[in-house]
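For reference, the structure is listed below as structure tokens.
The values are calculated or read from the model by the stated rules, or taken from the named source; none is laboratory data. Nothing here was measured: the structure is a model prediction, and the numbers come from that model. Neighbour counts are summed over all protein chains in view; Cβ atoms, including those assigned to glycine, are modelled from backbone coordinates with ideal geometry. Ligands, DNA and RNA are stripped out before the accessible areas are found, and what is left, the full protein with its side chains, is counted by its heavy atoms. Shrake-Rupley method; radii C 1.70, N 1.55, O 1.52, S 1.80 Å.
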Amino acid sequence: MAERRRRDLTEWLLTYLGPAQISPVRARGRARTDDERERDERLRADFERVVRGPGGRSFLVERPDATE
């Protein structure tokens, strides 16, 4: 018999209260395309995430250009 992983409360609640989706909750996501990977790499290289304020909001800030 296959061993089943026990879900925590958050995962259980997301089953019913999470975002709408067509695929099963535990299904593996689709593979990323080369274009998506390149875009992700550019975003990580060009921007940095900065957390400011007491609320902990995060912002993407453009990194200073290294050639300047």
Quiz item: Considering the Cα trace of region 10-68, what is its radius of gyration and what is Dmax, both in angstroms?
Solution: 17.4, 51
Self-check item: Probe 1.4 Å - accessible area at ASP46, Å² to nearest ten
Solution: 80
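Nearest 500 deg cm²/dmol is fine: what mean residue ellipticity at 222 nm does the chain get from its DSSP H runs of n ≥ 4 alone, each adding -39,500 (n - 2.57), divided by its residue count? Show your work: numbers first, answer last.
Values: 2 runs with 22 residues, N = 68.
Calculated from helices alone, the mean residue ellipticity at 222 nm is -10000 deg cm²/dmol.
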Quiz item: Which of the trypsin sites (Lys or Arg not before Pro) across region 9-68 are loop residues per DSSP, with 11 or fewer other Cβ within 10 Å?
Solution: ARG26, ARG28, ARG30, ARG32
Exercise. Please work out the average accessible area per residue across the chain, using the 1.4 Å probe convention, and give it in Å².
Key: 106
Self-check item: For PHE47, distant residues with modelled amide H under 5 Å away
Solution: ARG63
